Amino acid sequence: MEGAEIRYRLDLLLTLKDATTGLPVEERSIIFKRDGDPVLAQARGGGNYVFLNAGRENCLMQITVAGYETMNLRVDYEKLDTVLPGVDVYLIPSENTRKGEALLTLKGTLSGLETVEAVHPGRPVTSIREFDAKKRIMTVFTPNRRMNLTDVCYGIFNADQNTFEPIEVQTELSDRKVRLKKVLEMPFTPNSPVCRIVSGQVEEDGSYLLRVRDDGKNVRYLVRYVVNGEARYKTVDFHDLTEITLD
């Protein structure tokens, strides 16, 4: 009797993270649906879930996790790595969570809205020192601690223009240097803050949801939102959301 050979192909890796903290979502009560049909994934720890032999057709992946808002994720394989097709998924904590954390919410509807995200300029994780555009290497200041920019997305804050440029780290080279996935497009000055990005959700009808945790301190965020390909910015005090909408 000839031995049977079973082959597995990794067709998708989803890494689930808390949008407000950047930490992995370890909750095990999770339902994945692909184009409306339940699909199984294998947990690999650290918020990582793998889909084996599931096919690589573009789809709408619905992710329902206890304690978080349901996420509808468009999976477009043309935009993913062919060897390791992976997506970081930033889940927004639900206001109905049993954990009882204080949350602050900005929501509404804006036609043509594509993305929404925010940074807190007063809470940088580090600051940029220089950037080698040819090698895409960013050098940062790291006083008294080791840099770690490989887990979540960040934004380089420009105080003069009150804007920020989102960045993604491809490789951590040393305590002070990382290689970015893309060349920086916006100007910066040395010592500009590098801040963690809080990601929001946007549905196909333009409805949006952006939520931050209320620690009782300054919660003035700079919100970046893209409308029909145009990036716009608005400073939002989450302690005073009266009549605040994106436009």
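The values are calculated or read from the model by the stated rules, or taken from the named source; none is laboratory data. Predicted model, so just to flag it, every value in this text is computed and none were measured. Positions of Cβ are backbone-derived with ideal geometry, glycine not excepted, and every protein chain shown enters the neighbour counts.
Filter the range 219-247 down to the residues that are closer than 21 Å to residue 156 by Cα and either of a type in the set (Gly, Ala, Ser) or loosely packed, with under 13 Cβ neighbours inside 10 Å (or both) and list them by number.
Selection gives 229, 230, 231, 235.
Can you tell me which residue in the range 25-70 is surrounded by the fewest Cβ atoms within 10 Å (Cβ to Cβ), limited to those that are in contact with a Leu (Cβ under 6 Å, 6 or more places away or on another chain) and without any contact (Cβ under 8 Å) to a residue 40 or more places away in the chain?
Filtering first and then ranking leaves 35.
Among the numbered criteria (1) of a type in the set (Asp, Glu); (2) in contact with a Gly (Cβ under 9 Å, 6 or more places away or on another chain); (3) exposed (fewer than 12 other Cβ atoms within 10 Å of the Cβ), which single criterion is violated by residue 114?
Result: residue 114 passes all but (3).
I need every pair where a residue in the range 224-247 that is over 22 Å from residue 114 (Cα atoms) and assigned by TED's automatic domain parsing to the domain that holds residue 111 has its Cβ under 9 Å from the Cβ of a residue that is of a type in the set (Gly, Ala, Ser) and at pLDDT 95 or above, sequence separation at least 6 or different chains.
Hits for this filter: zero, empty list.
Need the failing condition index for residue 84 against (1) under 24 Å from residue 14 (Cα atoms); (2) part of a strand (DSSP E or B); (3) not acidic (Asp, Glu), just the number.
(2)
Kindly indicate the residue of the range 146-202 that is β-branched (Val, Ile, Thr) and touching a Ser or Thr at 6+ places or on another chain (Cβ under 7 Å) and also farthest from residue 219 (Cα to Cα) among those meeting that condition.
The selected residue is 178.
Which ones in the range 176-206 are over 19 Å from the mean Cα position of the chain (by Cα), of a type outside the set (A, V, I, L, M) and either within 16 Å of residue 159 (Cα to Cα) or outside any strand (DSSP E or B) (or both)?
Those that are over 19 Å from the mean Cα position of the chain (by Cα), of a type outside the set (A, V, I, L, M) and either within 16 Å of residue 159 (Cα to Cα) or outside any strand (DSSP E or B) (or both): 176, 185, 187, 188, 189, 190, 191, 192, 205.
Which one of these does residue 206 not meet: (1) loosely packed, with under 15 Cβ neighbours inside 10 Å; (2) at positive phi?
Tallying (1) loosely packed, with under 15 Cβ neighbours inside 10 Å; (2) at positive phi, residue 206 fails exactly one: (1).
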